[in-house]
Amino acid sequence: MAYRDLREFVKELEKAGELKRVRAEVDPVLEIPEVTQRIARDANRKPNSVGPAVLFEKPKGSRYPLLVNTFGSVKRMCMAFEVDELDEVAGRIRGFLDTKSPQGIFDKIKMLPKLAELGTFFPKSVKDGECKEVIHKGSDVNLLDFPILKCWPLDGGRFITFPLVFTKNPESGKRNVGMYRMQVYDQRTTGMHWQTQKHGAEHFRRAREKNPEGRIPVSVAIGSDPATTLSGMLPIPPDLDEMMFAGFLRKQPVEMVACETNDLEVPANAEIVLEGYVNLNEMRTEGPFGDHTGFYSLEGDYPVFHLECITHRKDPIYLTTVVGPPPQEDFYMGYAVERVFLPVMKMQYPEIFDVAMPAEGIFHNLMIVAIRKSYPGHARKIMNAIWSLGQAMFTKMIVVVDHDVDVHNYSEVVWKALCAVDPERDVQFSLGPVDTLDHAARMQDYGSKMGIDATRKWATEGFTRPWPEEILMDEATKKRVADLWKTLGI
Ligand SMILES: Cc1cc2nc3c(=O)[nH]c(=O)nc-3n(C[C@H](O)[C@H](O)[C@H](O)COP(=O)(O)O)c2cc1C
Ligand SMILES: [Mn+2]
């Protein structure tokens, strides 16, 4: 059974010993982030140790509790998706993809139950929801009622870090949900940090083309059941409804309820909902913000979100996250994305054997890809494929290795990749869109990427020297020594 809402997940976390309650008063300005940082990052840096989720029951200056580091371990990500291994989610996705183009009549019949199953995941409109237990409109609207974090000393202010931002494509009417941070300017105004390549930003641009003086409705949900919450960060194609995907992940439709003041819908089980609009002709300085790169992202001009209405439960839990030097909570969310979307990558590029994105690479800086190499130039083909695959386009460095390299064993990758490379010959540069957070790029959003072909080189690629065998002891000797071992006195 899917989690009903965030608080049911909190209960499960507590039962599993994955949640700590802090009853002492702690300030959401810097203090809670510092506590979280010590739990999420410092604990995670020790072998076999990960920090718990934490419910701060008395954030200073607010009546509402704050939940953080909710998804900050592989175990909690598995709990969020209700699986023992993330590969199970991958397996379900693979199941659907495999039946995408049925050949014969029998395949079509076999596929029917799956399609029917998919149909049952469509979001369902409901009349009312717990997110509307309390409704504030007009002068009653005050964001500062909530324990919104200021995470790092040089941050431009307080930031809502875990919002689900709902917009509609002004042309197709299709919904998008993205997780875009929101800087609090005052009690009813925030920034809207959708980066230029993201779907929310595209909706904004399309609406502005039609009417530069207009506005678009925007609603924001904070704190829903885990699958719904996490769907906001998933790199899925434009116009594919994140709420449908969430329904697929939780195997139960997401119940959506109409907003009070605009024509959007939000998850009925949300803890807090912010309703409002973004003016198409208004930009304001956003940032700096201590980001998941471990550096401050610089100030930039972003649209402004105006609140008209806040609805929430009687006793809302404010869900948030702290980003900073890796690894933090977002690493585990990204790791889950890596595992869950591997079958999608493999479906398009079956030669991909495995991929890894080390925490220190902060997702966009480094991807290690193992392939079954089949033809000359294959490694470079895969680099180009990744640079044109959804948000993987941001990948600054791609290292392609043969499939006998374990991409999750970084010391093996460094060792074998360095041995396999003639730098001048094996490095491929490319220009294109880069992550907005890349502060080293020559321009914001545009710069270069590098691929390293660290596969064995073939004669058909112009490599005429012999390639050496990797040193491995033969099995018979290993077995003899294993039997001898006790007698050796070592
Ligand atoms: C905690 C967290 C914070 C994020 N903040 C932002 C942000 O401020 N701006 C942004 O463009 N993407 C941000 N992202 C990444 C987006 O949520 C992600 O790219 C998502 O796929 C965007 O949705 P879209 O593809 O529908 O635009 C954040 C992700 C996480 C996990
Ligand atoms: Mn989207």
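The values are calculated or read from the model by the stated rules, or taken from the named source; none is laboratory data. Predicted, not measured: the structure shown is a model, and the values here were computed from it. Using ideal geometry, Cβ is built from the backbone for each residue, glycine included, and neighbour counts are taken over all protein chains shown. These accessible areas exclude ligands, DNA and RNA; they are computed on the full protein's heavy atoms, side chains included. Shrake-Rupley method; radii C 1.70, N 1.55, O 1.52, S 1.80 Å.
Overview of values
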quantity: Backbone HN-Hα couplings from phi across the range 255-268 [Karplus 6.51/-1.76/1.60, Hz, Gly and Pro as x]; calculated: 7, 10, 10, 5, 6, 6, 10, 9, 9, 8, 10, 9, x, 5
quantity: When the range 275-369 is reduced to its Cα atoms, the Kirkwood hydrodynamic radius in Å; calculated: 16.8 Å
quantity: Ordering of 240-249, 406-415 by packing [mean C-beta count within 10 Å, highest first]; calculated: 240-249, 406-415
quantity: Accessible surface of E308 - all protein chains present, 1.4 Å probe, nearest 10 Å²; calculated: 70 Å²
quantity: Rounded to 10°, Cα long-axis angle of helix 105-119 versus longest principal axis of the chain; calculated: 40 degrees
quantity: Rg/Rh ratio calculated on Cα atoms of the range 148-275 (Kirkwood radius); calculated: 0.96
quantity: Computed label-point distance, nm, for sites W415 and D84 using a 7 Å Cα→Cβ extension; calculated: 3.2 nm
quantity: Kirkwood Rh, angstrom, the range 247-300 [1 / mean 1/r, Cα pairs]; calculated: 14.8 Å
quantity: For the range 140-193, alpha-carbon Rg over 2.2 N^0.38 Å; calculated: 1.32
quantity: Convex hull projection area averaged over all views, the range 11-82, Cα basis, nm²; calculated: 4.9 nm²
quantity: Karplus 3J(HN,Hα) series, Hz, for the range 196-205 with 6.51 cos²θ - 1.76 cosθ + 1.60 (x for Gly, Pro); calculated: 4, 8, 8, 5, x, 5, 5, 4, 4, 5
quantity: Long-range Cα-Cα pairs in the chain (distance over 33 Å), rounded percent; calculated: 43 percent
quantity: Nearest-0.05 FRET efficiency for E171 and M443, computed from C-beta distance (R0 35 Å); calculated: 0.75
quantity: The range 153-226 - Rg and Dmax from Cα coordinates, angstrom; calculated: 13.2, 42
quantity: Solvent-accessible area of T487 with every protein chain in place, 1.4 Å probe, in Å² to the nearest 10; calculated: 100 Å²
quantity: Mean shadow area of the range 332-399, taken as a quarter of the surface of its Cα convex hull (nm²); calculated: 4.1 nm²
quantity: Gain in span if fully extended, E31 to E424, counting 0.36 nm per residue against the direct Cα distance; calculated: 136.6 nm
quantity: For the range 450-455, Karplus couplings with θ = phi - 60° (6.51, -1.76, 1.60), whole Hz, Gly/Pro x; calculated: 9, x, 10, 7, 9, 7
quantity: Degrees separating the helix 410-420 axis from the principal Cα axis of the chain, which is the longest one; calculated: 50 degrees
quantity: Additional length obtainable on full extension of the chain from R21 to H408, 0.36 nm per residue less Cα span; calculated: 136.0 nm
quantity: Per-residue SASA entry for V10, accessible area with 1.4 Å probe, Å² rounded to 10; calculated: 10 Å²
quantity: Pairs of alpha carbons in the range 366-429 whose separation is greater than 15 Å (percent); calculated: 51 percent
quantity: Where the Cα pairs of the range 202-327 fall when distances are cut into 10 Å bins, in %; calculated: 11, 31, 41, 17, 0
quantity: Gain upon complete extension [S139, L154; 0.36 nm per residue less C-alpha separation]; calculated: 2.4 nm
quantity: P(r) tail fraction, the range 185-235 - alpha-carbon pairs more than 16 Å apart, %; calculated: 57 percent
quantity: √(5λ) per eigenvalue of the Cα gyration tensor, the range 351-490, largest first, Å; calculated: 35, 19, 12
quantity: Principal axis dimensions, the range 228-267 - Cα atoms, whole angstrom, descending; calculated: 29, 22, 14
quantity: Pairwise centroid distance, computed over Cα atoms, of the range 192-262 with the range 330-403, Å; calculated: 26 Å
quantity: Structure-based [θ]222 nm, the chain - -39500 (n - 2.57) summed over DSSP H runs of at least 4, per residue, nearest 500; calculated: -8000 deg cm²/dmol
